[in-house]
1. Look at segment 32-62 and say how many of its residues are surrounded by fewer than 23 Cβ atoms within 10 Å (Cβ to Cβ) and more than 10 Å from ligand 1 (Cβ to nearest atom).
2. Name every residue in segment 1-24 that is more than 21 Å from the chain's Cα centre (by Cα) and either assigned to a strand (DSSP E or B) or within 16 Å of ligand 2 (Cβ to nearest atom) (or both), in order of residue number.
3. Taking only segment 144-163 into account, find how many residues are in a strand (DSSP E or B) and within 16 Å of ligand 1 (Cβ to nearest atom).
4. Within segment 163-199, track down each residue that is farther than 24 Å from residue 123 by Cα and within 11 Å of the chain's Cα centre (by Cα).
5. For segment 167-196, how many residues meet the condition of being surrounded by fewer than 19 Cβ atoms within 10 Å (Cβ to Cβ) and within 16 Å of ligand 2 (Cβ to nearest atom)?
6. Would you check if there is a residue in segment 57-75 being under 26 Å from residue 195 (Cα atoms), within 16 Å of ligand 2 (Cβ to nearest atom), under 20 Å from the mean Cα position of the chain (by Cα) and not acidic (Asp, Glu)?
7. Against the condition touching a Leu at 6+ places or on another chain (Cβ under 7 Å), within 16 Å of ligand 2 (Cβ to nearest atom) and closer than 26 Å to residue 14 by Cβ, how does residue 209 come out, does it pass?
8. Determine the pairs where a residue that is closer than 16 Å to residue 31 by Cβ and of a type in the set (Val, Ile, Thr), located within segment 51-67, has a partner that is in a loop (DSSP other than H, G, I, E, B) and away from ligand 2 (no atom under 13 Å from the Cβ) with Cβ atoms under 7 Å apart, the partner being 6 or more residues away or on another chain.
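The values are calculated or read from the model by the stated rules, or taken from the named source; none is laboratory data. Small disclaimer: the values here were computed from a predicted structure and weren't measured. When we count neighbours, we look across all protein chains shown, and the Cβ atoms used for this are built from the backbone with ideal geometry, even at glycine.
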Amino acid sequence: MEQLMDISHVSYSYHTMQGETPALSNINFTVHKGDFLAIVGPSGCGKSTLLSLLAGLLEPEHGSIFLYGQKVSQKGNRSIGYMLQHDHLFEWRTVEKNVLLGLEIQHKLCAETRESVLDMLKTYGLYQFKDARPSQLSGGMRQRAALIRTLALKPEILLLDEPFSALDYQTRLTVGNDIGAIIKKEGKTAILVTHDLSEAISLGTQIIVLSRRPASVSTTIPIRFSETLSALERRNSPEFKDYFNKIWKELNKYE
Ligand code: ADP
Ligand code: MG
């Protein structure tokens, strides 16, 4: 598989009036095209910090991050899509205007790009809500809309920071399933950060377990399920609990 991203010896500390907080220590991994990496780790270990570095929002103190052989920098990385816990949909815009916003800001809105976004709304069951306001959508539909807005810019890689954690449990299961299916169907590479082990196993092709802060990679576990299984079906398959127990043990080394 083609290598897409290379993270090599990355360390990062926050410097504040109170002193220095080391957040990441010597992180190494590579991302290949089509991977769905799920990063899990204890709360506060540095997961969001790591994603901010991958997105180029923060600069590593040591080490380097390359995307297609080019250094990721703060000057804007259009091939990186970033999705957060809060969907940041604007109430004063319709659903259609929301999903087109990224294209509009980047001056890439034309008949062709608009058409492709409207097609995604159709494929993923939101077309009939295109003139609605975000508040008229369910939590799950809002996350789907947020994902379509991110995909509209055709990113090479999607970074997802606990995108389902604001949803109630039931919704989280179905939205996780939907978002996983959309990412697979669109053939995207994704990195998901989550504190929810089951979510990681139900979606990932590989799990990276981080240590306590300052985070380093504690172990990497490849996840193999039959290609055709959805995230929900994975949860019900016999291998699921074996993966769960293995990763649980790894995480609890730090408790
Ligand atoms: P996680 O996402 O794994 O919960 P974060 O990456 O958000 O962890 O934070 C890692 C550590 O860095 C925490 O101890 C947090 O308090 C600290 N931290 C995060 N952001 C800042 C900041 N802007 N300034 C200072 N410390 C920060
Ligand atoms: Mg976080």
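1. Going through segment 32-62 one residue at a time, the tally reaches 12.
2. Initially, segment 1-24 is screened for residues more than 21 Å from the chain's Cα centre (by Cα), giving 9, 13-22.
Within segment 1-24, 9, 13, 14, 15, 16, 19, 20, 21, 22 meet the criteria.
3. Kept after step one, since they are in a strand (DSSP E or B), are these residues of segment 144-163: 157-161.
Checking which are within 16 Å of ligand 1 (Cβ to nearest atom) leaves us with 159-161.
Qualifying residue count for the region: 3.
4. Scanning segment 163-199 gives 193, 194.
5. 2
6. yes
7. Details: touching a Leu at 6+ places or on another chain (Cβ under 7 Å): yes; within 16 Å of ligand 2 (Cβ to nearest atom): yes; closer than 26 Å to residue 14 by Cβ: yes.
The answer is yes for residue 209.
8. 65/72
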